[in-house]
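The values are calculated or read from the model by the stated rules, or taken from the named source; none is laboratory data. Because the structure is a prediction, the values reported are computed rather than measured. Because the Cβ atoms are built from the backbone with ideal geometry, glycine has one as well, and the counts that use them run over all protein chains shown.
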Amino acid sequence: MFSLKLHYSLFALAFVLGTACRQKPVQHMFWTEYQQQRLVHYLDSDLRISMPQEEQRVAFIQFYLQRVKEEIPDGINSVSKDSLHNLTDRIGREYAFKTYGEGTKVAMRPVYEKWTPRIEDNFRQVYDELFKSIGRNDADRFCHCVIANLKKTYPDSVLIPTPKEQLLAIRKICDNESKRSH
């Protein structure tokens, strides 16, 4: 009788271990359809004011979702808020350069953003990308000039996107300063 119980227990243990070994490991799948839809709905509601044209908003959201899934395959909760902010800024810049390169004009309703180190860093990164061909020191000087002039015009909060005419006027000022320093 004892051996029958032992035999039965060993058989049960072998069965459990055998089926456990054959099971595929559980994969962490953050980007389920549900999670993607939650992000899409959040972005859509958040961007309605600043990006009023639905077609352009949808195109941006699709671009953003694709890029954020590539950059954070384990989901938004797997990175810090600072990293997520930096990634969001970078994806926004990528999209701006992409649409500009394609000749697409994205209609955005301007909003005032309080000057923060993050806002300044975004301007610096945009100007680094735009003027990398003129050399690092010249690009840094030009960027510093642009930010200083924007802060004269907008001492507390900057208008984003900044009107093109205003950026062109500041560019002239900074070009003249650059010529005088050379």
Tell me which residues, restricted to region 84-124, are in a loop (DSSP other than H, G, I, E, B), under 18 Å from residue 163 (Cβ atoms) and small (Gly, Ala, Ser). 107
Say whether the condition of being part of a helix (DSSP H, G or I), more than 11 Å from the chain's Cα centre (by Cα) and of a type in the set (Gly, Ala, Ser) is met by at least one residue in region 56-64. yes
Would you point out which residue out of 147, 91, 119 is surrounded by 13 or more Cβ atoms within 10 Å (Cβ to Cβ), β-branched (Val, Ile, Thr) and over 21 Å from residue 68 (Cα atoms)? 147
Residues of region 159-174 satisfying the condition of being over 20 Å from residue 125 (Cβ atoms) and in contact (Cβ under 8 Å) with a residue 12 or more places away in the chain: 163, 173
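In region 122-139, which residue that is of a type outside the set (Gly, Ala, Ser) and either without any contact (Cβ under 8 Å) to a residue 12 or more places away in the chain or at positive phi (or both) is surrounded by the most Cβ atoms within 10 Å (Cβ to Cβ)?
Taking region 122-139 and keeping what is of a type outside the set (Gly, Ala, Ser), we get 122-132, 134, 136-138.
Of the ones still in play, those that are also either without any contact (Cβ under 8 Å) to a residue 12 or more places away in the chain or at positive phi (or both) are 130, 132, 134, 136-137.
Details: 130: 14, 132: 10, 134: 12, 136: 10, 137: 8.
Applying the filter and picking the extreme gives 130.
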Hey, any hits in region 141-158 for a residue that's among the small types (Gly, Ala, Ser), in a helix (DSSP H, G or I) and either in contact (Cβ under 8 Å) with a residue 40 or more places away in the chain or outside the structural domain of residue 86 (by TED's automatic domain parsing) (or both)? yes
Across region 156-182, what is the number of residues that are within 26 Å of the chain's Cα centre (by Cα) and surrounded by fewer than 13 Cβ atoms within 10 Å (Cβ to Cβ)? 3
